[in-house]
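Right, one structure below, let's go through it.
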Amino acid sequence: MSKLLIRNARLVNEGQVRDADVLIDGERIARIDTGIAAPQGAEIIDAAGKWLLPGMIDDQVHFREPGMTHKGDLATESAAAAAGGITSFMDMPNVSPQTTTRQALADKYAMAADRCTANYGFYLGATNGNIEAIKALRVGEACGIKVFMGASTGDMLVDDPDALELIFEHAPVIVVTHCEDSPMIWANEAKAREKFG
């Protein structure tokens with residue numbers, strides 16, 4: 001990509017709204033200012049009266065690859081996300097096979113290379129028994145550790161308090177939890193079905 005100058009945009013950035021120009025050089029924003037002179041050969045877009053917003057980050061997507069690509073895959077879902085203004089996504093580990101090992105995580109990154117339209121990251125899924133994989137994880141290798149505390153797919157339910165404590169103690173990246181109490185949910189569902197049919 002060469003240089004692109006977006007002029008006169010109503011820019012939303014860093015908590016402010018202002019009229020400004022944005023110069024993009026390659027894949028990077030080189031400058032934000034008013035009255036930027038167009039570099040030689042730059043494509044120019046007059047955005048007068050139009051809003052220019054930063055891309056959004058979706059930190060919880062279920063793109064279903066590997067294993068469930070009849071629902072969508074990394075290529076189709078990242079293209080759909082980008083079309084909606086999502087520039088980065090973080091994909092959940094409850095796929096088939098589950099992303100609960102470092103090798104499965106590496107495999108997902110390999111699948112995404114050259115196929116995803118948007119930037120991407122993948123969660124390593126926690127289980128009651130994969131603390132060694134979590135301990136071995138390096139910062140930057142996963143966008144986070146995903147813990148399902150209620151009923152989940154496969155063996156991704158973390159219902160052992162000791163395992164949960166170890167996960168929080170040793171995780172080198174952020175821990176993201178799906179906090180549920182399955183027995184309470186099931187009891188309330190039974191009451192609702194009895195009352196409402």
- Message: Could you tell me how far the Cα centroid of the stretch 58-126 sits from the Cα centroid of the stretch 5-39, in Å?
- Response: 31
- Structure-derived Rg and Dmax of the Cα atoms in Å - corresponding label in [x] 15.4, 42; [y] 18.4, 56; [z] 22.0, 73: [z]
- Note on the structure: Of the residues L74, C143, I29, the Cα lying farthest along the dipole of the chain towards its positive end, which is defined by charges on the beta carbon of Lys, Arg, Asp and Glu, belongs to I29
- Message: Please list, by residue number, everything in the stretch 144-182 whose backbone N is under 18 Å from a paramagnetic label point 7 Å out along Cα→Cβ of E132.
- Response: 163-164, 166-167, 170-172
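Please compute the net charge surrounding I36, taking Lys and Arg as +1 and Asp and Glu as -1 over other residues with Cβ under 9 Å from its Cβ.
With Lys, Arg at +1 and Asp, Glu at -1, the net is 0.
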- Message: Give me the one-decimal nm value for the distance between modelled label points at M184 and E14, 7 Å along each residue's Cα-to-Cβ direction.
- Response: 4.3
- Residues of type lysines that K146 reaches as a straight line, Cα spacing below 18 Å, ignoring anything fewer than 8 places off in the same chain: K108, K135
- For the stretch 115-197, the dipole about the Cα centre with charges only on Cβ (Lys and Arg +1, Asp and Glu -1), to the nearest 20 debye, works out at 440
- Which FRET efficiency, nearest 0.05, do D114 and Q60 yield, Cβ-Cβ r, R0 22 Å? 0.40
- Please list the non-local residues whose amide H lies under 5 Å from the amide H of C143, H modeled 1.01 Å from N, same-chain partners needing a gap of 5 or more. F122, Y123, L124
- Likely footprinting exposure, K195, K108, K3, fewest C-beta neighbours within 10 Å first: K195, K3, K108
- Query: Net charge near F148, counting Lys/Arg +1 and Asp/Glu -1 over other residues with Cβ under 14 Å of its Cβ?
  - Reply: -4
- Angle in degrees between helix 161-170 and the longest Cα principal axis of the chain, rounded to the nearest 10: 30
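Coordinate-derived values only; no laboratory data. Values in this document were obtained by computation on a predicted structure and should not be read as measured data. Don't worry about glycine lacking a Cβ; one is built from the backbone with ideal geometry, like all the others, and counts go over all protein chains shown.
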